[in-house]
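Every read-out reported here was derived from the displayed coordinates using simple, explicitly stated rules and does not represent laboratory data. Fair warning: this is a prediction, and the values are worked out from it, not measured in the lab. With ideal geometry, Cβ positions are generated from the backbone for all residues, glycine too; neighbour counts draw on all protein chains shown.
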Amino acid sequence: MSSTDGTAPPDPPAGEPSAGEPPARATPAAEAPAKNLDLGPVGHLGDRLFAGLARGSGGLVVLIVAFVGIFLLALAIPALADDKSSFLFSRIWEPGGADPKFGIAALFYTTLISSVIAMVIAVPIAVGVALFTTYYAPKRLAAPVAHAVDLLAAVPSIIYGLWGILFFAPILRPVIDGLADALGWIPLFEKPASEDLGVVFTASVVLAIMILPVVTAISREIFAQTPVTHREGALALGATRWEMIRMAVLPYGRSGVVSASMLGLGRALGETIAVLIILSVPNGNDPWNSSIFAGGETFASKIANNAAEFDSPEKTGAYIAAGLVLFVVTFLVNSAARIIVARSTPGGKRQRRPRPDKALEGATP
Amino acid sequence: MAKRIEVSGLNVYYGDFKAVEDVSMTIEPRSVTAFIGPSGCGKSTYLRTLNRMHEVIPGARVEGKVVLDDQDLYAPGIDPVAVRRVVGMVFQRPNPFPTMSIFDNVASGLRLNGVKDRKKLAEVVEASLKGANLWNEVKDRLDKPGAGLSGGQQQRLCIARAIAVEPEVILMDEPCSALDPISTLAIEDLIEKLKDRFTVVIVTHNMQQAARVSDQTAFFNLAATGKPGRLIEMGPTKQIFSNPNEKATEDYITGRFG
């Protein structure tokens, strides 16, 4: 704050004459520059206000993140100390009772697999839509399509959940049966024992629809920013539109698409209500099923499903600990996105194709 | 290798605005033709119509004929992509593909044409870089990004990229305007060399450059702002610079243009 105070002195002189009458102001202004130039710091109320606001906002965000982290840690640590099973590798979830046992292995698996599948489905579609609206669609069509995709983001997640389980899941059932028949020998795609509709795969597809808008919007922005010179360079070589996109647009937009995907992944990891409504919770006695065509629970849906159980600090702590893991995973995903983006900025620090060089050396002699 | 271009009655429009009016000229093979004229007179626009690059700009369209050895570039059924493989272009700002290595930049056009053979690619890349007077400077770092070169080297890389696909004609849109005098000299030497194999058309604001590198010079001008640009006169460079037919040309060349 001291530096902003330092900008204060020049203001009063500027304020004083303006309070006086116009002729009175003209005289000192005409005399002053002749004697000595006023080169002191120039600062106005707006500068100080805005600087304070900007600093305050920045600090506030850091504080909030720190407090969330401290809150999670403070509640989770005592519960973790009491845990009688391996927190990271156990699939049991019995946080109540004298011997609390809880582990996140199953939650972790379901959370990650559902989000990754959502990303795998959403990213190619998002890139396709983004390319269509930037380089293929006529202007008249591009804007409505872009708006329609943006509108998907405005649908509340509770609606996605209801739509997903009531309308979409029955439609998806034949697809699941077909996939399970074809790929059932892989544990991931194992044929479901029941005709249950609320399976991980269905949740993934709905998650894919939910993250589509954000991935599309960011990809579209970055594709549209591809410098004209790069695009013309490709076209002037006789590139078709798709070749131009491959040579100029995609390399330029790669880092943007990666960060967009990671943002989408982060959203999918934390999505609660839609997943909660769609996923059927496996019976506690059933053996654990790794198939994406079975039910399951993610971190977020588990916590939301059992919010009524937060009656003792031990139980609450167990769920908070699960929440902490989600927090860390999301944080890691975001960090990974940043690292990838920093590494692959346009201008390419990485050497991508050293092989032709060797071929060339062979050809030189 | 090099072909004659005959343009007749060419008008260029941006939407309803007529940017270039009624240009007719013949560009001889294996020669350098320079387009000079004040900013906004449509010379760059006109240059782009010679390989249909103006079509990248929304709303741009052309009336008239551009004939490349008996083939009208604007005849129905002609694919602009195919035209650009025959008539290459070098731009004002060097624009190597930033994520590609030097090698890949030069090879990119060949790869578009479906050349996959490593040995063939390597041979053409070496020949093209030599053709662009760049080989000695980059032969030890072909796998490094093209964006890491200096501006002048990047522009020569772009020329190597353009000649790698063996076009008939090379269009250059103010290729030296972003370069320092030494790099400019290197490009000018290169243009001199290129005309043995290609038909070269260059737009330039630098009249000494036009005088130094070109065989033919075309002077473009516009009557007033908002009026279309026109070809005022075209002739051997020596004559245009020493004894032009038109008063406007003389005024422009001697700097009395106002």
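List of remarks:
- Inter-part distance where the stretch B:204-231 and the stretch A:246-309 are each reduced to a Cα centre, Å: 63 Å
- Centroid-to-centroid separation of the stretch A:156-204 and the stretch A:317-336 [C-alpha atoms, Å]: 26 Å
- The lysines whose alpha-carbon is closer than 19 Å to the alpha-carbon of B:Lys120, local same-chain residues fewer than 8 away aside, are A:Lys358, B:Lys130, B:Lys139.
- Normalised per residue, the volume of the convex hull around the Cα set of chain B (Å³): 126 Å³
- Per-residue average of Cβ from other chains inside 10 Å of B:106-115: 3
- For the stretch B:143-258, lysine pairs with C-alpha atoms less than 23 angstrom apart, excluding pairs fewer than eight positions apart on the same chain, total 4.
- With Rh defined as the Kirkwood radius, the inverse of the mean 1/r over Cα pairs, the Rg/Rh of the protein assembly as shown is 1.11.
- Inter-chain shielding of B:123-130 (mean C-beta neighbours from other protein chains, 10 Å cut-off): 2
- Exposure rule at most 11 other beta-carbon atoms within 10 Å, DSSP loop trypsin sites (Lys or Arg not before Pro): chain B longest free segment: B:117-255
- In a simple Cβ point-charge model (Lys, Arg +1; Asp, Glu -1; nothing else charged), chain B has a dipole of about 520 debye relative to its Cα centre.
- Label-to-label distance for A:Ala193 and A:Leu45 is 7.3 nm, based on points extended 7 Å past Cα in the beta-carbon direction.
- Straight-line reach from B:Lys65: taking Cα to Cα under 19 Å and skipping same-chain neighbours fewer than 8 places apart, the lysines in range are B:Lys3, B:Lys18, B:Lys43.
- If you run the Gaussian network model on chain B, springs between alpha carbon atoms under 10 Å, then out of B:Gly15, B:Gly77, B:Gly146 the most flexible one is B:Gly77.
- Highest GNM mean-square fluctuation among B:Glu55, B:Glu174, B:Glu126, for chain B modelled with Cα contacts below 10 Å: B:Glu55.
- Look at the dipole of the protein assembly as shown built from charges on Cβ: of B:Leu222, B:Leu110, B:Ser44, the Cα furthest out on the positive end belongs to B:Leu110.
- Farthest positive-ward along chain B dipole, Cα basis, beta-carbon charges - from B:Ala82, B:Pro145, B:Val169: B:Pro145
- Within the stretch A:149-191, the percentage of alpha carbon pairs spaced more than 15 angstrom apart rounds to 57%.
- Reachable aspartates and glutamates, given that their alpha-carbon falls under 20 Å from the alpha-carbon of A:Lys315 and they are not under 8 places away in the same chain: A:Asp82, A:Asp83, A:Glu94, A:Asp99, A:Glu297
- Counting Cβ atoms of other protein chains within 10 Å of each residue's Cβ and taking the mean over peptide A:223-233 gives 4.
- For chymotrypsin sites (Phe, Trp or Tyr not before Pro), the sites in the stretch A:89-179 that DSSP calls loop and that have at most 14 other Cβ atoms within 10 Å are A:Phe89.
- Kirkwood-Stokes translational diffusion coefficient of the stretch A:93-356, alpha-carbon pairs, 10 °C, 1.306 mPa s, µm²/s: 78 µm²/s
- Cβ-placed point charges (K, R +1; D, E -1), dipole of the protein assembly as shown about Cα centre in debye, nearest 20: 1400 debye
- Annotation: Cα Rg of the stretch B:1-116 relative to the compact-globule expectation 2.2 N^0.38 Å equals 1.16.
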